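Accompanying notes for the structure given below.
What follows is calculated from the coordinates using simple rules that are stated; it is not laboratory data. In this text, all values refer to a predicted model and were calculated from it rather than measured experimentally. In this analysis, Cβ positions are derived from the backbone assuming ideal geometry, glycine residues included, and neighbour counts consider all displayed protein chains.
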Amino acid sequence: MTFTIVFFHAHPDDEALLTGGTMARLAAEGHRVVLAVATCGEAGLASQEFTAGGRLASARALELEESARLLGCARLEILGYADSGMDGTDAPVDGFCHLPPEVPAHRLAALLFEEQASVLVSYDPAGGYGHPDHVQVHRVGRIASSLASVPVLLEATVDRRALQRALKAVTWFRPRSSEFEPSRFDSRYADPSTITHAVDVRPYTDRKRAAIAAHASQASADREDRTIAWLLRLPGPVFRLAMGREWFTEVGRLPGRRRLHDPLASLHDPQASLHDPLASLHDPLASLHDRTPPRRRSRQP
């Protein structure tokens, strides 16, 4: 039995950095992984090599196609909204962050309905580190999941304390920049007490790393060092330590003392919010194997 999981991201490279391991894992297990991306990331930082002639959007779209292929995605949809930029202040009037969230939500809901998705993955309420387009992904995801009656809504995030520990552990490798100081993440991403799922993706970090590397424009810079360039310089064992776990909060589920390894546990137990906090589930889709699915069309990836 296979199932469809739709991952909704803001820009090219977000999919690889935040959820690439989970995407690769689910695809390898035979599930249909669909990637929807709101923008082409044309306001992203990159070297002159990629920005000359206003070609960054097309370059990043090609990079996204390669990343999706490496992660095993069966379908990629670029919604084509305008990138709002890092703080949104210079965003075009029709920038993604300025749109009424109901507008893109209806498009996303149509995709969810067409795919008969069992799960939608979007972002936490803070939008991770607070990018306005990431916050909008959260808003749109909440509305779209409701419109399409998706059984499970997972919000991708990062355990901020784990991130801070990882940055401290790789002190000798990280750039000498305040952007990488652990203290900068005191209020970014999620408080550990709110996280419901921690997915071990260490067996898939090679694919995750390759997908990150596909976003060559985002590893480039005319001046400062970039996050992707730094990550790709990490030795393999250090990369697995830093990037080998991905975190999610499931809407409607109360966090337990132990985080779940199965992002679809709620489909197995309707009383999901009252799950046994001592349970330790290892199959990320185990709950679906015992669930009678809705009738769906068969399709080829």
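Which value in nm describes the separation of the simple spin-label points at residue 47 and residue 79, placed 7 Å from the Cα toward the beta carbon?
3.3
Using the alpha carbon gyration tensor of segment 1-115, what are the three equivalent-ellipsoid semi-axes (square root of 5 times each eigenvalue), largest first, in whole Å?
Three semi-axes, in Å: 26, 18, 10.
How far is it, in nm, from the label point at residue 69 to the one at residue 103 when both lie 7 Å from their Cα along the line to the Cβ?
Placing both labels 7 Å along Cα→Cβ, they lie 3.3 nm apart.
Could you work out how far apart the two model spin labels at residue 193 and residue 1 are, taking each label as a point 7 Å from the Cα in the direction of the beta carbon, and quote it in nm?
3.6
Arrange 243, 23 by Cβ neighbour counts within 10 Å, fewest through most, would you?
In order of increasing Cβ crowding within 10 Å: 243, 23.
If the chain between residue 229 and residue 161 were fully stretched, how many nm would it gain, using 0.36 nm times the residue separation less the Cα-Cα distance?
Gain in length upon complete extension: 22.2 nm.
Which order do 60, 75, 207, 55 fall in if you start with the one that has the fewest other Cβ atoms within 10 Å?
55, 75, 207, 60
Return 154, 76 ranked ascending by Cβ neighbour count within 10 Å, so the fewest neighbours appear first.
76, 154
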